Each structure stands twice: as structure tokens, then as C-alpha cells.
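What follows is a single structure, written as C-alpha cells, with notes after it.
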Protein chains: 2
Amino acid sequence: MKTVSETASFGGTQGVYAHQSSVCACEMTFGLYLPPAAAYGPVPVLWYLSGLTCTHENAMTKAGAQGWAAEHGLALVFPDTSPRGDDVADDEAFDLGKGAGFYVNATEKPWAPHYRMWDYIAQELPDLVFDAFPLDREMQAITGHSMGGHGALTLAMTYPDRFSSVSAFSPICNPVDSEWGIKQLGAYLGDDREAWSAHDSSLLMAERGFDGPVLCDTGTKDQFADRLKPETLAAAMAARRQHGAFRMQPGYDHSYFFVASFMEEHVAFHAGAMGLA
Amino acid sequence: MKTVSETASFGGTQGVYAHQSSVCACEMTFGLYLPPAAAYGPVPVLWYLSGLTCTHENAMTKAGAQGWAAEHGLALVFPDTSPRGDDVADDEAFDLGKGAGFYVNATEKPWAPHYRMWDYIAQELPDLVFDAFPLDREMQAITGHSMGGHGALTLAMTYPDRFSSVSAFSPICNPVDSEWGIKQLGAYLGDDREAWSAHDSSLLMAERGFDGPVLCDTGTKDQFADRLKPETLAAAMAARRQHGAFRMQPGYDHSYFFVASFMEEHVAFHAGAMGLA
């Protein structure tokens, strides 16, 4: 692992690091924020998964999370959203290929050799960061935006013992039945819709739910709401009697202006679920 | 109108009043809390509609609303849930007849002569209290519990210009498709399902929504959740991109212990929507 940069931020350190990923078979870059409390011992971790077109950098620079993480003593991890490099398959569309890994392990050509973002986020990157930084593996939470909200919700429900809480900003809620999902799950996973189901947060919510609290925020003016299908997850949460809140925030769109507006509440939500508030 | 009782409460006055209702053709009783601020001029009003089996008294004594209303300078009105008296039709079941008016105007025998709770709450009682008490007709919000949450939501969406905000505790969300609804709407309104639709908050949400914010809380351990159908309203709110929050609160049941636990947040929510927070 090499250090790309380290920058003081709210009394802690915002780092960017690169490493050779065996899972994705390419070099991968991630951001990691250590709060001031990390100087005194391992700190809890909030994972932040980003959306379509993003790298590790967007949320790191635009979500305004570091100040709140510092206040609550949380570390933040900002992974990339796909494999990278000249020999990695891509597509002309912004919503397939690079920047659009969708947090799945591709089984289909030409994606299978590199597009393994599920295993990267679930296994390889945790092993790396818990080994290299003062982070408490027993205290984890996860959030994300749009495609990253989808990733956060599906990972949390698949690994409920790992995460105290899960939240999402304008998540893709029902990819098996959306323009944002059918295309990508079909490309990466093929025609087997059973395989898709493991990556649909509404279906997972209906099937198993989540042990901890769930917080979802979506803007009422989200320009992609028809693709996000918030109503499907909202219904699944309520039908399951899932501890949590599904909120529609008035006037907000899909942008990081929205994410930043509610970041304080999301960080506080996770800190509270960890007993830190 | 006669004064049944007036009791000091959080610096203001909790009153109970009775009057001859022309709409319900019987004597009706209601509770009304005036905060300390009412000594200085008209104050905003939060209507609280109660659930099955309740009178004007349950929420007045068990919801813990007066302290928060005093803090925000709001009045509270606690209407009864049905017509009363020996000549009023009733049923042996707890969920039909007295204590179960369902906030509709009955058209069917034997209910039609007295069971006109919609008009009572929407017209007669407002006219009475705005005339008799220092209340600001331009500043109104509405909430309720269970059957009363159903009433609050349906009234708010029918009279959007009247209410700045609406909230509900464990509301009956989809009566046209629930054991709590089919029986009562059938009895009071007859077989015309078109008439039922005007009293279903999920259908109204899908059809028209609400101009202001909406807050709903339901306990994850609500023993009547299968009859409340929270998933239907949650889906309708999200599908409409309705400004609001639909929350499932962990471990809470259907009781007033639940209502009281979240009353502070509901009163603050309404005060905020009125610009008082």
C-alpha cells in the first residue's frame, strides 16, 4: 500500500491510499479519514460507498462528513466504485463499466476479470484497512449515496453481524425492476435473476431485514427518483416492521448538496447506534 | 357549551367542555388545553384525534402532550371518537359503534342519525372552539393515534389549506383493505367502495398527497400492525415523493406508552412546520 496523500482535516487526517487489489486485479485507490481520537486507540468505522461516476474522491471532498466524524470519533472509508486501469473493460455509458461497479462480483464477459466490487468492499479492503490503521473491527457502520446506498444496504443486510447500523442517501432501492439495475445486473451477472435478487435491497428487506436501525433519506425533487424507486424500499421496511426511518426531504435533488445537508444527521445516527452519541 | 372541568397544567389550563352537537344530534364532550401563551393572545392549535375505544380523555391524561404544547405555545384539542348517549346506536364489538366513529359521516342504518364524526371534527367543533377560545384559526396542525391517525391523515389531505402539517402515531393506513376498515366503512357507508376511498390515507396520498410535511411513527412490535398496514402508506408517501418521514420505532407497541414516548418530537415537528420552533 502506498500513500498518495495525507491532509490535516478537523484535527485528524484525510488520507488517500493506493494498493494492488488481488480481488479486482488492478491498482485501487481509497480515501480514509482518521479522527483526532485515533491518536489514542482504535476508532469505530463508517464506510461510505459512492454512486455512479464517482471515484474515492467525490464524497471525500463534497459530503462534508469529516467534521461530524471528528466530533463523534469515527473513521471514514471512501472506496472507489469500480476497478480502474487501461486493461479494465469499460462502456461508453456513464452507468456501466468504470465508475459503475454496482457492488457485485461480475460473472459475465467482459466484466468478470476485474469487476468484483462486492468482494473488494466486503473482504479485501476491510482486511487491508483494519491491518494498517487504528480501526475497531467490532464497531462498523455503513452508508452510501445512490448506487452506493444500494451497496450499503445490500452489504449490511448480507453481513448483519458486521454493521451496527446502515443508512443511505437517495439509494437505488429496487434494481431488479429499474433502469438502474436491469442493465447493470444483466451485464455483470447475466440472465439469472436469482443472482440479481441478492443485490436488491427491497427484496433483501422483505426476506431478512436488518438487526440494527436503518435510515434512508431521498429528496422530493430527486431527478432520478423514478429509477431509485424509493416506494419499494419504504414499503418493504414498513411491511417488515424494520426499525428505521424512511424520509423524503423537501426540495432536495440527487446531488452532493443534498448529501452534505443531511450528513450531520447520518453520522450522528450511526454514532448513536454504536452507543457513541 | 358548559364547562365540565378546568385544571391547571404546565402553566396553562386543561379544560373539559360539553355541548349539544347539532351534527351528531347528541351531547358531545371534548378536552382543550390552553398553554400559558394563550393569556396574551390567540395561539396555534394542534388537533389530536383518538383511537378505538377512546373518549376525549385518554390522550388528555396519557399522551403527555401538555408540557410540550406549553413549551411551544400550542393549544391542544381532544375530541371524542363517536357520538354518545343512550339513544345512539351501538354494537357489541369494541371496534364498531360507540368509541369507533372512524371519522366518517355514516349514511347507513342504524348509524346515520348520529355518526357524523367527519363533519363534527371538520366543521362543528372548529366553529365552536375558535369562537369560544383564544385560538388562531390560521395556525392549525393535526395528529392522532391509530383510528385517530387515520382521521388526522384523511382530514389533512382533504383540507390541505387548513393544516400546516400532519402527523400520526400507529395510524390505520389502508382501511379499504383491512380488518380495521372494511367492517366499519361497510357498516357506516354501505357497499359503495368509492365512498370508502375518500377515507383511506394511502389512497389519498397516492391521489393528492399533502402540501406540508407528514410524520408517521409506528412501533415495530405493534400488535395490530397487520391491520394498520404501514407498508401501504409508506409506499404511497415515497412514490409521491411526499415531504415527510415514515418511521418504525423499535420495540414499541400500540399503546399510549408509545404515543407518549414520541409526543415531544411530534409537537416539535408541528411547531416547526408553523414556524414556531
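Key figures for this structure:
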| quantity | calculated |
| --- | --- |
| Matching entry among B:94, B:102 (being touching a residue at least 12 places away in the same chain (Cβ under 8 Å), open to solvent by 20 Å² or more (accessible area, probe 1.4 Å) and part of a loop (DSSP other than H, G, I, E, B)) | B:94 |
| Answer residue from the stretch B:220-242, given it is closer than 16 Å to residue B:204 by Cα and touching a Gly at 6+ places or on another chain (Cβ under 7 Å) and is farthest from the other protein chains (Cβ to nearest Cβ) among those | B:240 |
| Count of residues meeting criterion [modelled with pLDDT under 95 and of a type in the set (Asp, Glu)] in the stretch B:192-240 | 2 |
| Any hit, the stretch A:73-86, residues being open to solvent by 10 Å² or more (accessible area, probe 1.4 Å), of a type outside the set (D, E, K, R), closer than 20 Å to residue A:175 by Cα and at pLDDT 95 or above | no |
| Residue A:108 vs. criteria within 25 Å of residue A:173 (Cα to Cα), among the acidic types (Asp, Glu) and free of Cβ contacts under 8 Å to residues at least 12 places away in the same chain | no |
| Count of residues meeting criterion [free of Cβ contacts under 8 Å to residues at least 40 places away in the same chain and not small (Gly, Ala, Ser)] in the stretch A:72-88 | 1 |
| Any chance residue B:124 is part of a helix (DSSP H, G or I), at pLDDT below 95 and either β-branched (Val, Ile, Thr) or surrounded by fewer than 24 Cβ atoms within 10 Å (Cβ to Cβ) (or both) | no |
| Elements of type strands (runs of 3 or more DSSP E) contained in the stretch B:1-78, each with 3 or more residues being in contact with a Leu (Cβ under 8 Å, 6 or more places away or on another chain) | B:12-21, B:26-34, B:43-49, B:75-78 |
| Residue A:255 being farther than 16 Å from residue A:163 by Cα and either modelled with pLDDT under 95 or more than 14 Å from chain B (Cβ to nearest Cβ) (or both) | yes |
| Yes/no for residue B:109 being modelled with pLDDT under 95 and among the basic types (Lys, Arg) | no |
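The values are calculated or read from the model by the stated rules, or taken from the named source; none is laboratory data. These numbers were taken from a predicted model, which means no experiment stands behind them. Every residue, glycine among them, receives a Cβ derived from its backbone with ideal geometry; neighbour counts consider all protein chains shown. Ligands, DNA and RNA are excluded from the accessible area calculation, which covers all protein heavy atoms including side chains. Shrake-Rupley method; radii C 1.70, N 1.55, O 1.52, S 1.80 Å.
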